[in-house]
Amino acid sequence: LKLQFLYFIEIAKMRSLMLLAAAVGCAADPNIWPLPRQYTNGTVTVTVDPGLSFTGTQSADLTMAYGRYKEQLFPHTGAQAGSLKSCQVTVADGSAKLVLGADESYTLDVSATGCKITAKTQFGAYHAMETLSQLVVFNFDTDTYFVKDTPWSITDSPRFEHREVLLDTSRHFLPIATIRDIIASFTYAKINTIHWHIVDKQSFPYGSPTYPKLAKMGAYSSFERFTQQDVKDVVEYARQRGVRVVVEIDTPGHAASWCKGHPEICPMDGNGCNTPLNPSTNATRHPPA
């Protein structure tokens, strides 16, 4: 619980630091992270209604995203009504596959007369809604949400197709709930890939259905393991947020944790080096379950 609490704090700090960096990095830049490729803005402040609705293109993924971003946009209840009450979303393919090179471009227009998002895929629409969430600010003195410096016209697309953060659960085990929170935090900076370093020589927390001894003997404890369904759930949770999950299982090196459940596949020369698998035995190629 203490570990989870600390990660919740770090996630909140991460978002705050991202917005702070956008705010103070250059006085002329907007509070948007990362900075869009192109944008123009005005000088008019527009109030936003906390009941703002996303209309237009509908799909299972977009419907979930609309709900997520409404919660992110309006964390404070009891706010006053605003003039901006809806955002029109137009997506060419709202059910696109999440692959390397998927189109993540978008345009976002916010003015006193309305809000409009256009994107080729739902992933671009996610980024547009994230940008919108960074533009919307809550005024504690008037209990109102607002966007300053409208009209905004933003055209954006990522500079790099692959934008990754490494997550290592072998050297430092993390519960599934914490992993979800970390993935959710990636969307604040429009990160699109999590490199999940799931096993290493320190521990083997992945529960292989074929070789259950790997996790049973190689995990830090009987409680610090992942089921196959856990991994599937994390992959799907990330996909719904436009984040690819690349799972890494180290081999033939970095494999000391394998030796605890299957010592027959490890070097037995007595020199204490059990990091690489032993290529000289057939058991390495076909270890018994």
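Under the condition of being of a type in the set (Phe, Trp, Tyr), over 30 Å from Asp93 (Cα atoms) and open to solvent by 60 Å² or more (accessible area, probe 1.4 Å), the residues counted in region 126-169 number 1.
Between Leu166, Leu108, the distinction of being under 12 Å from the mean Cα position of the chain (by Cα) and either free of Cβ contacts under 8 Å to residues at least 40 places away in the same chain or over 30 Å from Gln229 (Cβ atoms) (or both) belongs to Leu166 only. Screening Ile32 with (1) open to solvent by 10 Å² or more (accessible area, probe 1.4 Å); (2) assigned to a loop (DSSP other than H, G, I, E, B) gives one miss only, at (1). Within region 190-212, residues that are more than 19 Å from Val246 (Cα to Cα) have Cβ atoms under 7 Å from residues that are open to solvent by 30 Å² or more (accessible area, probe 1.4 Å) in these pairs: Gln202/Arg171; Pro209/Gln228; Thr210/Ala289; Tyr211/Ala289, counting only partners at least 6 apart in sequence or on another chain.
Quick one: in region 237-254, of everything that is among the small types (Gly, Ala, Ser) and under 14 Å from Leu98 (Cβ atoms), which residue is surrounded by the most Cβ atoms within 10 Å (Cβ to Cβ)? Steps first, answer last, please.
Of the residues in region 237-254, the ones among the small types (Gly, Ala, Ser) are 238, 242, 253.
Cutting the leftovers down to under 14 Å from Leu98 (Cβ atoms) gives us 238, 242.
Working: Ala238: 24, Gly242: 26.
Across region 237-254, the extreme among qualifying residues is Gly242.
Is it the case that region 81-102 has a residue that's over 24 Å from the mean Cα position of the chain (by Cα) and farther than 21 Å from Asp149 by Cα? Outline the logic, then answer.
Within region 81-102, the subset over 24 Å from the mean Cα position of the chain (by Cα) is 81-86, 88.
Filter once more, so that each one left must be farther than 21 Å from Asp149 by Cα: none.
No, because not a single residue in region 81-102 is over 24 Å from the mean Cα position of the chain (by Cα) and farther than 21 Å from Asp149 by Cα.
Just one of the listed residues (Asp149, Asp156) is acidic (Asp, Glu) and in contact with a Leu (Cβ under 8 Å, 6 or more places away or on another chain), and it is Asp156. Yes or no: Val234 closer than 28 Å to Ala128 by Cβ and surrounded by 19 or more Cβ atoms within 10 Å (Cβ to Cβ)? So Val234 passes the test.
Per the conditions (1) assigned to a loop (DSSP other than H, G, I, E, B); (2) without any contact (Cβ under 8 Å) to a residue 24 or more places away in the chain, the sole criterion not satisfied by Lys232 is (1). Within region 31-48, being in contact (Cβ under 8 Å) with a residue 60 or more places away in the chain and among the aliphatic types (A, V, I, L, M) holds for Ile32, Val44, Val46, Val48.
Scanning region 84-102 for residues that are of a type outside the set (A, V, I, L, M) and not in a strand (DSSP E or B) returns Gly94, Ser95, Lys97, Gly101. crowded, with 19+ Cβ neighbours inside 10 Å, among the small types (Gly, Ala, Ser), more than 30 Å from Thr121 (Cβ to Cβ) and modelled with pLDDT of 95 or more: is that true of Ala215 in this structure? So Ala215 fits the description; yes.
Here Ser221, Ser257 are screened, and the one residue that is over 30 Å from Asn31 (Cβ atoms) and either loosely packed, with under 14 Cβ neighbours inside 10 Å or at pLDDT 95 or above (or both) is Ser221.
The values are calculated or read from the model by the stated rules, or taken from the named source; none is laboratory data. Small disclaimer: the values here were computed from a predicted structure and weren't measured. A quick note on method: Cβ atoms are made from the backbone with ideal geometry, for glycine too, and the neighbour counts reach across all protein chains shown. These accessible areas exclude ligands, DNA and RNA; they are computed on the full protein's heavy atoms, side chains included. Shrake-Rupley method; radii C 1.70, N 1.55, O 1.52, S 1.80 Å.
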